[in-house]
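The values are calculated or read from the model by the stated rules, or taken from the named source; none is laboratory data. Quantities reported herein were computed from a predicted structural model and do not represent experimental measurements. Note that each Cβ is placed from the backbone with ideal geometry, even for glycine, and that neighbours are counted across all protein chains shown. Only protein heavy atoms, including side chains, enter the accessible area calculation; ligands, DNA and RNA are left aside. Shrake-Rupley method; radii C 1.70, N 1.55, O 1.52, S 1.80 Å.
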Amino acid sequence: MENRREMEIADQNLRLAVAAAKEAGRIQMLHFGHSHPVEYKGEFNPVTEVDRHCEQAIVKMISDAFPEHDILTEESPFERKGSPWKWIIDPLDGTTNYFHGFPCFCASIGLEVEGEVKLGVVYVPTLNELFHAEKGKGAFLNGERIVVSRIDRLNRSLLCTGFPYDVHEHADFYLRYFRQFLTKSFAVRRPGSAAIDLSYLATGRFDGFWEFKLHAWDVVAASLLVTEAGGKVTDFQGRPFNIYSGETLASNGLIHEEMIQAMQEINAERKEHSA
């Protein structure tokens with residue numbers, strides 16, 4: 001009886017996350033291609049009115065269904081209620097792409113229960129691609145199960161990455177890692193949405209991913225997609241992944257050790273030069 005109740009709750013949570021992500025996608029497409037006033041959180045971190053409209057829509061849907069649950073979002077201060085249930089939301093991942101009219105953006109919604117990520121949904125409205133994963137139940141794209149790629153050599157791998165908003169201040173630091181992977185992989189892409197990058201890794205379009213200084217709302221849903229699709233997510237040293245750590249190294253699992261080794265080579269060079 002208890003298992004049935006848990007399944008009912010899980011189904012309800014998934015339906016809610018899917019509906020909320022699709023509503024955010026609807027809002028995004030409604031305004032896409034129009035000019036938008038852009039504000040900046042800091043010098044290079046943009047936010048538009050569409051980010052806020054999407055966030056309001058998602059938060060309202062979740063709050064109406066579960067008024068006691070905690071909700072962590074990108075655009076609003078976190079107001080802790082002390083619930084073991086925490087929804088983590090990026091209402092529009094890829095804001096810079098969005099207001100430039102570049103069609104690579106999404107909505108991302110994850111659910112953490114007692115510190116463990118249980119559910120993730122990423123919706124890419126321009127392609128009508130809905131990714132979802134539940135802990136222990138696999139990963140799916142538009143209802144079809146997905147798995148990571150089988151490429152087992154870094155030099156045959158297509159990687160993706162992104163740069164933090166402080167890249168202008170620390171360009172040389174980040175470019176060391178970019179150059180390392182550019183020379184050791186088959187190719188590197190930089191689409192501009194971490195949630196999409198990781199979702200694409202989960203479905204085999206990319207083979208590996210690394211990025212510094214991501215936030216929980218960037219990675220919570222899509223990192224679950226990767227692991228449920230058979231991939232691996234860790235920090236840069238290969239330690240267990242934490243959505244709050246700021247270090248994200250993800251792969252199909254087969255090239256993971258090579259990616260860690262490549263990063264360690266850079267770290268060793270930095271230590272040697274600073275000695």
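Contact map, the stretch 67-84: first residue closer than 13 Å to E55 by Cα and in contact (Cβ under 8 Å) with a residue 40 or more places away in the chain, second residue assigned to a loop (DSSP other than H, G, I, E, B) and open to solvent by less than 60 Å² (accessible area, probe 1.4 Å), Cβ cut-off under 6 Å, separation 6 or more or different chains; the map is empty. Tallying residues that are part of a strand (DSSP E or B) and within 19 Å of the chain's Cα centre (by Cα) within the stretch 47-95 yields 12.
Name the residues in the stretch 194-213 that are surrounded by fewer than 23 Cβ atoms within 10 Å (Cβ to Cβ), out of contact with any Pro (no Cβ under 8 Å at 6 or more places or on another chain) and over 16 Å from V148 (Cα atoms), would you? Matches in the stretch 194-213: none. Restricting Y98, Y123 to residues that are outside any strand (DSSP E or B) and open to solvent by less than 40 Å² (accessible area, probe 1.4 Å) narrows the list to Y98.
Pairing residues of the stretch 251-263 that are touching a residue at least 40 places away in the same chain (Cβ under 8 Å) with residues that are part of a helix (DSSP H, G or I) and surrounded by fewer than 21 Cβ atoms within 10 Å (Cβ to Cβ), at Cβ distances under 8 Å and at least 6 apart in sequence or on separate chains, gives E258/K184; A262/Q180; A262/K184; M263/Y177; M263/Q180. As a summary of the residue check, V188 satisfies the conditions (1) surrounded by 24 or more Cβ atoms within 10 Å (Cβ to Cβ); (2) assigned to a strand (DSSP E or B) except for the one numbered (1). Quick check: is even one residue across the stretch 160-181 outside any loop (DSSP other than H, G, I, E, B), in contact with a Cys (Cβ under 8 Å, 6 or more places away or on another chain) and crowded, with 19+ Cβ neighbours inside 10 Å? Scanning the stretch 160-181 turns up no residue that is outside any loop (DSSP other than H, G, I, E, B), in contact with a Cys (Cβ under 8 Å, 6 or more places away or on another chain) and crowded, with 19+ Cβ neighbours inside 10 Å.
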